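FYI, it's all coordinate maths here, none of it is from the lab. All figures in this text were calculated on a predicted structure; none of them were measured in a lab. Glycine also receives a Cβ, built like all others from the backbone with ideal geometry; neighbour counts cover every protein chain displayed.
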Amino acid sequence: MKRDNPIIVTNDITLRPWEEEDAERLAFIANNKKIVDNLRDGFPYPYSIDDARKFIHLVKHSEGISKAFAIVIDGFVAGSIAVYFKENVHHKNAELGYYLAEEYWGKGIMTKVVRCMTQYLFENFDIIRIYAQPFARNTASRRVLEKAGFRLEAVLKSNIIKNDVVQDGCIYAVLKDEFENSLK
């Protein structure tokens, strides 16, 4: 795996950089209220082809603090996973965010993706902790993280307001040594 242009390949899943020609498929996948309702407010809805093009342009030209990958299954873009490298006193931490096209839900795909990305990050970057912050009510995402080896660190009461509804959030994390031990 090369650090400058990573492509992560398993038997059935590829994680690769976003390409301009992915815009139409991305717009189709991301224009789903069920997905958007579990993401932060910076993610637009409805999600247009222009939103997709802007996102792809942004991630293709971003340096350093974040990396986003298209999740490809059988040659088709199926979702996105991104990592945000933290700074200052948190500089050895990285945050994961992800979503998957609805037609792929419930098939164990995202667990594989999260494990692959976690392994890639620990092997290629000087980080010791990876975490994700799903909404507490998002049991599917919480289960993905648990199956991928992350553990619940905290439930944060009433710390999210999404669609004008106050709700709880969670922090799941895995430490590098814990993850490496799970691979043995």
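What is the calculated FRET efficiency for residue 92 to residue 146, with r their C-beta to C-beta distance and R₀ = 30 Å, to the nearest 0.05?
With a Förster radius of 30 Å, E is 0.85.
Among (i) 1.14; (ii) 0.99; (iii) 1.36, which is the computed Cα Rg over 2.2 N^0.38 Å? Identified label for the calculated read-out: (ii). In this simple spin-label model, placing a label point 7 Å from the Cα along the Cα-to-Cβ direction at both residue 11 and residue 49 gives a separation of 3.8 nm.
Using helices alone, what [θ] at 222 nm do you get for the chain, with -39,500 (n - 2.57) per DSSP H run of 4 or more residues, divided over all residues and rounded to the nearest 500?
On the way: 6 runs with 56 residues, N = 184.
Per the formula, -8500 deg cm²/dmol.
Extension gain, residue 21-residue 136: 0.36 nm per intervening residue step, less the Cα-Cα distance, totals 37.9 nm. What does the charge count around residue 161 come to, taking other residues whose C-beta lies under 15 Å from its C-beta (Lys +1, Arg +1, Asp -1, Glu -1)? Once all neighbours under 15 Å are counted, the net charge is 0.
So which DSSP H runs in the chain come out at 27 Å plus along the axis (Cα) with average Kyte-Doolittle of at least 0.5? Once both thresholds are applied, nothing remains. Compared with the direct C-alpha span, the chain from residue 182 to residue 63 gains 39.7 nm at full extension, assuming 0.36 nm per residue. Within straight-line reach of residue 33, meaning a Cα separation under 13 Å, sit the following aspartates and glutamates at least 8 residues removed in sequence or on another chain: 41, 102. With neighbours defined as other Cβ atoms within 10 Å of a residue's Cβ, the residues 99, 104 order from fewest to most as 104, 99. At full extension, residue 111 and residue 157 could sit 14.0 nm farther apart than now, given 0.36 nm per residue minus the alpha carbon distance. Over all directions, the projected convex hull of the C-alpha atoms in the range 24-105 averages 6.0 nm² in area. Summary value for the chain: 16 percent relative contact order, contacts being C-alpha pairs under 8 angstrom separated by 6+ residues.
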